[in-house]
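Participant: Just dropping this structure here.
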Amino acid sequence: MATSSIVQELEPARTCSRCVKLDVATLLPWRIALHCHIIFRSELNPQTCTVCEFLVQCLPILPLDEVDISTLELGFKSWFYLLYGGGPTARALPFPEDEESADTEVSGSRYIVWKYRYKPEWPSSVIVSIPSDRWSGVTPTSAKINYEMIMEWFKKDGGLQHSISARVTIPPLGIRLAVIDCTNRSLVPLPTGALYFALSYVWGKDASDGKTTSFSTRMPQTIEDSISVCKALDCRYLWIDRYCITHNDERVRALQIKRMNEIYSNAFVVLIACAGIDPHYGLPGVSRTRPSSPGLNMGNRGYLQMVPTVDDIASSIWSTRAWTYQEAFLATRRLYFTDRQLYFESSVCVESEFTTLAPVLNPSTGARMYSPIRSSQSLGNIFFLIETYSRRNMSFPGDVLNALSGVLAFYEQNARIRHLWGLPFSKHAPASIAKGSKEAVLSIETSLLWALPNHQSWRREGFPSWSWAGWHGAIEYRTVFDCPLQNNALETLEQGAMNIQVELESGTSVSWDEFQGRYAELKENHHKDNARNDNLSRYILVEADTSAVTWCSACTKPLTNHWAVSLKSVEGGSLWFHGAGAGDTRGINSIQYDRHPTRLTCECWGLQNPYMVVHLSYAAYAPNAPGTSPFDYALLLHYVGGHWERLALILDKDGQMKRLKKVRRKIRLG
């Protein structure tokens, strides 16, 4: 099924003056290259120069709506990064025999990164240099997909023995699921126990709402190609969110969104369209032909070979979208369609066409493309998951929790981790846990330890300020929590210093213990049209040690890339939180710093409203500093009339907050 080799022979007579000056010999192994080469695309002459022709063939494939960029960069990285970050491609490459040389930046043993300059988020191409005596040849990826290869991957994974249609062990879903019948091209209920595929793709700017039950007319190309893949792999049913989620019943629609964990985890495989910017692009290798990976034979000096890597997945538009995060996270098997390569990933194996067609030259299994950190004892750090998700984009800000609902449900089912407006906590755990208690239990107080390191962040309407969901922008957590599987947390835990009550839409409040007991029936009120008196409001009542402070704008000084925060206690005396603590305040959108006048301009709340510090029970030790005293955290709040709102997380490394007068208060935080 593979096409003929496209390795070109280097012709000195067909080498332009620019490539002669570049001296491609320096791109071969064990030759130190200390700098990158800047190349203007207008300088490339593929018609007259074999090296230019090779470089043009290796150019990264950009989304269709991106402009043509003229400035290119030929850079270098050590083999170490390709070994651990290139995905399954690493298995087919002859890495340096000296392991130490592969694991260093100063070594001459490097690979080439060919990319568009000034756009680090865009795709890049990897070109490896291989000595002649270690060249085993490369069978180029075919222009169209080899479905027999995919079936072999499925068998290697253990997902089927003979054919896909023979596997009908899908567990029953708790909801009625509509799917596309790929044979009749119609929307039908999923038969009990029937196997189905699911699709993860970029919706794009198409205004269509997906309200259709018939697919007799031609659909967007990615949808058409997905149907073709299902039929070629002997799977009759396909689930696509845009067409299979009901639009007529808001209650049923909300239920389906909350059951995304079941829908995607029960799909036999999730087809992931990593290429393109919308559903009209199609799946490469199905309707779109794919370019092969070019090579350049340098004679006795070796070979230059362009190899596909999983960077094509990480740099795709698909990987920036919020909804697609849980679609890949929840899948048990994934087929990634990129412009140059097809990848397969499951809990058992990681495969690619390039790897399958080439001999295995090193024992590396390759880094996984998109796999949460899971083991037989743990589901990994849930805070890292939230951090990663917060960096993604969404068209409708109100979807911030809906687009993560499947992941949150997954953690509740497998690790007994619940959430309140996106803040995770363990079932049965008190709101605050005393220091020294069991580390395998997560309190909601610990989940308050998030910060906004990006200065370009602002409030998200309709969500509480104390939750990361209440802010636009990437967040960072100042702690980790490795979620144990099926954590019962039944032993008695000592209550920490903070008490929390949860306010309902009716204005009444319930204790944290009562909230835990009624968790299943109490639902967050994300949509005002569905407001009920027993819905959760955006407010919590926090009883904790507090200190009244004022914001000392005159002492607030700019530091490199961020601002330090200077506060004054009402009793007098300045407190200056700097370093790591200052980084936590860069996300305050409402505070505008004026470098010259000694005043504070506040867009939202005026100049006279007071500030308050809420002391948290959590304390942490400085990394790489054993024996030092722990540092403390606190929340900086601002009164907005009727309730307080969070501004920042403050880190106190020097014990300055011990100078503040603490008063036990109950405040309404929204």
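The values are calculated or read from the model by the stated rules, or taken from the named source; none is laboratory data. Note that the coordinates shown come from a computational prediction; the quantities given were computed from them, not determined experimentally. Ideal geometry is used to build each Cβ from the backbone, glycine not excepted, and the neighbour counts take in all protein chains shown. Side chains are part of the model used for accessible areas, which takes the heavy atoms of the whole protein and leaves out ligands, DNA and RNA. Shrake-Rupley method; radii C 1.70, N 1.55, O 1.52, S 1.80 Å.
Participant: State the number of residues belonging to the stretch 322-338 that are assigned to a loop (DSSP other than H, G, I, E, B), closer than 20 Å to Tyr281 by Cβ and open to solvent by 30 Å² or more (accessible area, probe 1.4 Å).
Facilitator: So the answer is 0.
Participant: Say we look at the stretch 129-145 and pick out the residues that are surrounded by 23 or more Cβ atoms within 10 Å (Cβ to Cβ) and either farther than 22 Å from Gly75 by Cβ or at pLDDT 80 or above (or both); which of these is farthest from the chain's Cα centre (by Cα)?
Facilitator: Selected residue: Val138.
Participant: So, one more: Please verify whether the stretch 196-214 includes one or more residues that are of a type outside the set (Gly, Ala, Ser), within 21 Å of Glu327 (Cβ to Cβ), modelled with pLDDT of 90 or more and part of a helix (DSSP H, G or I).
Facilitator: No, the stretch 196-214 contains no residue that is of a type outside the set (Gly, Ala, Ser), within 21 Å of Glu327 (Cβ to Cβ), modelled with pLDDT of 90 or more and part of a helix (DSSP H, G or I).
Participant: Across the stretch 634-656, what is the total count of residues that are surrounded by fewer than 16 Cβ atoms within 10 Å (Cβ to Cβ), β-branched (Val, Ile, Thr) and within 22 Å of Arg478 (Cα to Cα)?
Facilitator: Residues flagged as surrounded by fewer than 16 Cβ atoms within 10 Å (Cβ to Cβ), β-branched (Val, Ile, Thr) and within 22 Å of Arg478 (Cα to Cα) within the stretch 634-656 amount to 0.
Participant: Just name the residue that is modelled with the highest pLDDT out of those in the stretch 349-386 that are open to solvent by less than 40 Å² (accessible area, probe 1.4 Å), out of contact with any strand residue (DSSP E or B) (no Cβ under 6 Å at 6 or more places or on another chain) and part of a helix (DSSP H, G or I).
Facilitator: Ile386
Participant: Check the stretch 280-294 and report whether any residue there is under 22 Å from Leu93 (Cα atoms), out of contact with any Asp or Glu (no Cβ under 9 Å at 6 or more places or on another chain) and either open to solvent by less than 10 Å² (accessible area, probe 1.4 Å) or in contact (Cβ under 8 Å) with a residue 12 or more places away in the chain (or both).
Facilitator: Scanning the stretch 280-294, I find at least one residue that is under 22 Å from Leu93 (Cα atoms), out of contact with any Asp or Glu (no Cβ under 9 Å at 6 or more places or on another chain) and either open to solvent by less than 10 Å² (accessible area, probe 1.4 Å) or in contact (Cβ under 8 Å) with a residue 12 or more places away in the chain (or both), so the answer is yes.
Participant: Also, quick follow-up: So which residues in the stretch 107-123 are modelled with pLDDT under 70 and assigned to a strand (DSSP E or B), if there are any at all?
Facilitator: Arg110
Participant: So how many residues does the stretch 228-260 have that are of a type in the set (Lys, Arg) and at positive phi?
Facilitator: Matching residues across the stretch 228-260 total 0.
Participant: Looking at the structure I just gave you, is Thr192 touching a Lys or Arg at 6+ places or on another chain (Cβ under 6 Å), modelled with pLDDT of 80 or more, open to solvent by 40 Å² or more (accessible area, probe 1.4 Å) and in a loop (DSSP other than H, G, I, E, B)?
Facilitator: no
Participant: Identify, by number, the condition in (1) assigned to a loop (DSSP other than H, G, I, E, B); (2) at pLDDT 80 or above; (3) open to solvent by 50 Å² or more (accessible area, probe 1.4 Å) that Val480 doesn't meet.
Facilitator: Single failed check for Val480: (2).
Participant: What pairs can you find where one residue is in the stretch 212-241 and under 21 Å from Ile263 (Cα atoms), the other is open to solvent by 60 Å² or more (accessible area, probe 1.4 Å) and modelled with pLDDT under 95, and their Cβ atoms are less than 6 Å apart, with a gap of 6+ or different chains?
Facilitator: As it stands, the answer is Asp234/Ser165; Arg236/Thr183, since those pairs meet every condition given.
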